[in-house]
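Encoded as structure tokens, the structure appears first; notes follow it.
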């Protein structure tokens, strides 16, 4: 069963406090996005990569990211949409029927491992839909708008959800179609599947699979790279 990875990389640099979009910022001297793409390039369960970037960046990304760094599995560099969900939907339009599994992964999660990619794909093959996450260990409190605690929430069964998330093609295509028809935007891809009544299997991730969104994240990323060198 062939697998395609959709990598939405259309973010801006607002929380990163940078004029350069976070996916292009240097991490150990190489753009963050390159680190992410290389993980999928190396994976033996990924057959193709569809990369969604801001519309004005398409030609530059083909030249300065895909060709320059030899990411041969990128077969499509597509214009993303206004929101992440729009970007993934745009990419799904181009996914052919011969792909049985669709995996979606944030372009600014550069530390995903090949082992984790493989487990996500295997879980999607077995269960239909799977998301990577970390069970919550800290105490969780619900507070009001002013910051006063309303209650302590039981943490049993709660997960911090990451990517990759992986799905059988027919499931994610149907979920995105329903969401578009109803004007619904979810917080992740799995939430679109959940509202169709289809169960999503959570599989354990790793703490280092962080999303780089702030300057502190980038500093932590440099530490992770230096320790793995």
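Values in this text are rule-based calculations from the coordinates and carry no lab data. Bear in mind the structure is a predicted one, so any value in this text is a computation, not a measurement. As a convention, Cβ positions derive from the backbone with ideal geometry for all residues, glycine included, and neighbour counts pool all protein chains shown.
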(request) Treat the count of other C-beta atoms within 10 Å as a stand-in for reagent exposure and order 217, 144, 57 from fewest to most. (result) 144, 217, 57
(request) Indicate, rounded to the nearest 5 percent, the antiparallel portion of the DSSP beta bridges found entirely in segment 2-225. (result) 45
(message) Calculate the FRET efficiency for residue 82 and residue 211 from the Cβ-Cβ distance with a Förster distance of 22 Å, rounded to the nearest 0.05.
(response) 0.65
(request) Going by C-beta contacts inside 10 Å, put 159, 148 in order with the fewest on the left. (result) 148, 159
(message) If I model a spin label as a point 7 Å beyond the Cα along the Cα-Cβ vector, how far apart are those points for residue 174 and residue 30 in nm?
(response) 4.0
(message) Could you identify which residue out of 155, 62, 119 has the top mean-square fluctuation in a GNM of the chain using Cα springs shorter than 10 Å?
(response) 155
(request) Determine, at each q value in 0.08, 0.09, 0.12, 0.16 (inverse angstroms), the log₁₀ of I(q)/I(0) that the Debye formula gives when each Cα of the chain is one equal point scatterer. (result) -0.29, -0.37, -0.66, -1.18
(request) Choose one answer from 214, 139, 187: the residue with the largest mean-square fluctuation in a GNM of the chain with alpha-carbon springs under 10 Å. (result) 139
(request) Any chance you could check the Cα centroid distance between segment 53-89 and segment 189-229 for me, in angstrom? (result) 20
(message) Give me the extension gain from residue 126 to residue 44: residue separation times 0.36 nm, minus the current Cα-Cα distance, reported in nm with one decimal.
(response) 27.7 nm
(request) Sticking to Cα atoms, compute the Rg of segment 1-98 to one decimal and its Dmax as the biggest Cα-Cα distance, whole number, in Å. (result) 13.1, 42
(request) Quick one: order 94, 35 by neighbouring beta-carbon count within 10 Å, fewest to most. (result) 94, 35
(request) State the extension gain, in nm to one decimal, for the chain segment bounded by residue 144 and residue 225, taking 0.36 nm per residue of separation less the distance between their alpha-carbons. (result) 25.3 nm
(request) Run the quick spin-label model on residue 196 and residue 152: label points 7 Å from Cα toward the beta carbon, then report their separation in nm to one decimal. (result) 4.0
(request) May I ask you to compute the full-extension gain from residue 19 to residue 58, defined as 0.36 nm times their residue separation minus their alpha-carbon distance, rounded to one decimal in nm? (result) 12.2 nm
